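Every read-out reported here was derived from the displayed coordinates using simple, explicitly stated rules and does not represent laboratory data. Since we're looking at a predicted model, the values are computed, not measured. Cβ coordinates were reconstructed from backbone atoms using ideal geometry, including for glycine residues, and neighbour counts include every protein chain displayed.
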Amino acid sequence: MKRLYFLYFILFLSYYAESQTVTLRGNIVNQDDFAIEFANILLYKSVDTSFVKGVISETDGSYFIEDVPAGAYFLEISQIGYKTYRSEVISLKPDGSTSFNMPTYRIQEGIALEEVMIRANKPLIELEADKVVVNVANSSVEVGNTALEVLQKSPGVTVDQDNRIALKGKQGVLILIDGKNQYVSNEQLSRLLETMPSNSIDKIEIMHNPSSKYDASGNAGVINIKLKKKENTGTNGTLTLGLGQGQFPKANGGISLNHRTEKINLYGNYDYRYWKGFQDITLERKVPVENGLTLFDQKSNFENISNSHNYKVGTDIYLSEKTTIGILGRGSFGNWDGDNFNHTDISGVNPQTFDQSNTNTAATENWDQFAGNFNVMHQFNESADLNFDVDYSSFNNPTNASYDNFFFDENMNPVMDPFYLRNQSDIGVDIFAAKLDISKSFSSGIKIDIGAKFSDVLTENHTLFENLEGDTWNEDLVLTNAFNYDEEIIAGYFNASKTIGKLTVQAGLRLEHTNSDGFSVTLDERVTRSYSNLFPSLSISHQISDKHSVSYSYSRRLDRPTYKDLNPFINFLDQFTFEKGNPFLNPQLTNSYGINYGMGRSLFISLNYSRTTDAMTEVIEQNDITQQTFQTTVNLDKYENYSLNITAPIVLSELWTTRLSFTGFINDFESELASGSLNKDQQSYHANVSNELSINKKLSAEVSGWYRSSIRFGIFVIEPMYSVDLGLTLKVLDGQGNIKLSAKDILGTMHNEVIVKQDNIDLLVNSDWESQRVNLAFSYNFGNQKVKKERKRRTANSDEEDRVSRNN
């Protein structure tokens, strides 16, 4: 019996030892003994380095970690601007105490040289010295969304009814993908972003005033979309699968692979996306005539199906510890099929011979984009390095469309013969670019960056229109056209930075010389230009104290017209409504100024002002005689933008973090137009809130919402819009897999309304699309999860490719 009691006693002690927990308490300071607020403090088991839990330090640098069982642990402490600190091993014994006082840990300023594996989720939004970072990979709300939809919810970013992207109320954003310009039109860029699944995106970097190292384009700033890359050594990969359902089904899947040895790194990925969607558009126009007004009421119903494929394959070869060469190939291809039924009612004073018309449009579009890159990186020593890139890329975009037009009286009786029109067009872009960048740090603390770049872009555009007369298709000599555009840019830059006490100064100067030649073969019109521009940039950062910092910035930037904006081709909605390019567009020049303030990690405020001359802006022009309305791009005399941005992460508890972002801005336009004079300004704002909830170790949730007030772009006024999204993430298969469920626009509030009231133009546009969707995604990581990622590179043709992306 005594032995039995003794056994019970041993079991009791074992249970007590295992069940007893303590609370760890301590403080985090810097080398000057100032408290470090909002530091990330992660607790790991020393036996297998498995993650236990994490907390964030308070404003006085204190922290506490509750419910820690007996055992051996270590802490990992990190904060932006400081080296990551790893503590010694701490042994917790079941001695009956409920609290354990940790030593005060001092972390050093600077960036750790060694790579640190991040074991806990990064916050959705991070603010760094020169950019805002949106960590898409960690968001459950973004699952099943597209890159364009993710951008729409990023701080300070808005997307209008035509999927044009603006930053702090300004259009003219340079979009990079993995540091590479896409060189396609606005329409093609939006199509690319619409077909890019969010599960392929790692993060989005938003830069309001980039340095002289970047091309001078992007007057509103630069947005760099970084795709996912494996970070470990050996062989590994990730498999992703996703399904979505709105009014129509959607699906996506992909795989990424990485293999690394001491001498070579091989990597590649492939993503497929199927999408079926719709868009309903209504246009109400009032056109003045001699005795009153003609009223046009147009309703369009679009349905489209797209299949897209994106791929990348590359290798890095480590010739020595100091020299690496790389070869990279990436591309996308796919098809888009769309059907549109457009019905027009004409009332009021009607000079037409019909009262109603139907236009049936069927279009098939294919695209094929490829970019190849060869690069060399050489490290002369610890303070100097060289990067050299040579790139070639091509883009082809053939399209076939038919327009069947039928005309009726007010009782839907035919009054005219049908009019049949068809169109074949092809856009081809070839880009060659090379760039050299050299960086050198001196013992005095000065860092110098110098570089040069050459690019040559050739575009060939052909469009053939034919109308049916009897049984014969005859070429329409008025609409048929061919347009070729050749552009060479030679650039060089110098950038220097130095830290003096608590001040960091960075100054740069970029020179760009441009030769361009645009020729409309059919119209026999040629526009040639040759010009040079200097682009200075300056930033001054002042670390007032540990909790307060302020920075000032200035940059001068140039945006050239996209290749499609210069193309005089016509794209029809119906015979009364179309769009066309403008071969006489001039580049726009912008001077931007900014002030930024940060209070620790709890508050960030930025003030910005910019003035743009020859601002390239889309407008509506109208022919009152033919009653045709068309959209084109013109240069406005002056455009000014004032903006205020406030971002505040709020840690409500260890399990709940809220992030608030507010952007207020004023757009002020002044110019003479074909229809009269424009002198308009408007105050607008955009607010975003996201809530991240950790339910348990495996399950997390996210609730986010945004609101955008009425906003003005030139003559267009876009009415308010808001949305609320939900998301859940469940870790499965011992953390190797993730299941993400999301619901987008749960209140069904996403609806676009655009108003144009300018001189003789009176237009109201309403559009609805498949904004309400439910998405389910699964991802699985396999192989060795300790592989270092391939080198991140910004290639020579990065900015040229973006103008192709912005081209249609």
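Can you give me the Cα centroid spacing of the stretch 677-754 and the stretch 294-372 in angstrom? Using only Cα atoms, the two centres lie 24 Å from each other. Along the charge dipole of the stretch 212-361, pointing to its positive end and built from +1/-1 on Cβ of Lys, Arg, Asp and Glu, which listed residue (Tyr318, Gly237, Ile305) has its Cα farthest out? Toward the positive end, the furthest listed residue is Tyr318.
Going through the stretch 471-568, which trypsin sites (Lys or Arg not before Pro) have at most 12 other Cβ atoms within 10 Å and a DSSP loop state? All intermediate terms of the calculation are to be shown ahead of the outcome.
Values: sites: Lys498, Lys502, Arg510, Arg526, Arg529, Lys547, Arg556, Arg557, Lys564; in loops: Lys502, Lys547.
Taking the stretch 471-568 and a limit of 12 other Cβ atoms within 10 Å, the loop trypsin sites (Lys or Arg not before Pro) found are Lys502.
Computed extension gain for Lys638 through Asp67, at 0.36 nm per residue and net of the alpha carbon distance, reaches 199.4 nm.
Note on Asn696/Lys502: beta-carbon distance plugged into 1/(1 + (r/R0)^6) with R0 of 25 Å gives a FRET efficiency of 0.05. Taking a ≥ b ≥ c as the square roots of the eigenvalues of the Cα gyration tensor, an a/c ratio of 1.5 or more together with a/b larger than b/c marks the stretch 688-737 as prolate. Projected label points at Glu672 and Phe494, each 7 Å from Cα along the beta carbon direction, are separated by 4.1 nanometres.
With 23 Å as the limit on Cα-Cα distance, the pairs of Lys263/Lys312; Lys564/Lys757; Lys83/Lys697; Lys322/Lys447; Lys312/Lys440; Lys447/Lys502 that go past it are Lys564/Lys757; Lys83/Lys697; Lys312/Lys440. A simple spin-label model places pseudo-atoms 7 Å from Cα toward Cβ; at Glu410 and Asn623 they are separated by 2.8 nm. Where a ≥ b ≥ c are the square roots of the eigenvalues of the C-alpha gyration tensor, would you call the stretch 234-292 rounded, which needs a/c under 1.5, or, failing that, prolate if a/b is larger than b/c, or oblate? The shape class here is oblate. Of the Cα atoms belonging to the stretch 345-478, the radius of gyration and Dmax stand at 28.1, 86 Å. Decide, for the stretch 545-692, between rounded, prolate and oblate: order the square roots of the alpha carbon gyration tensor eigenvalues as a ≥ b ≥ c, take rounded if a/c falls under 1.5, and otherwise choose prolate if a/b is larger than b/c, else oblate. Since a/c reaches 1.5 and a/b is larger than b/c, the shape of the stretch 545-692 is classed as prolate.
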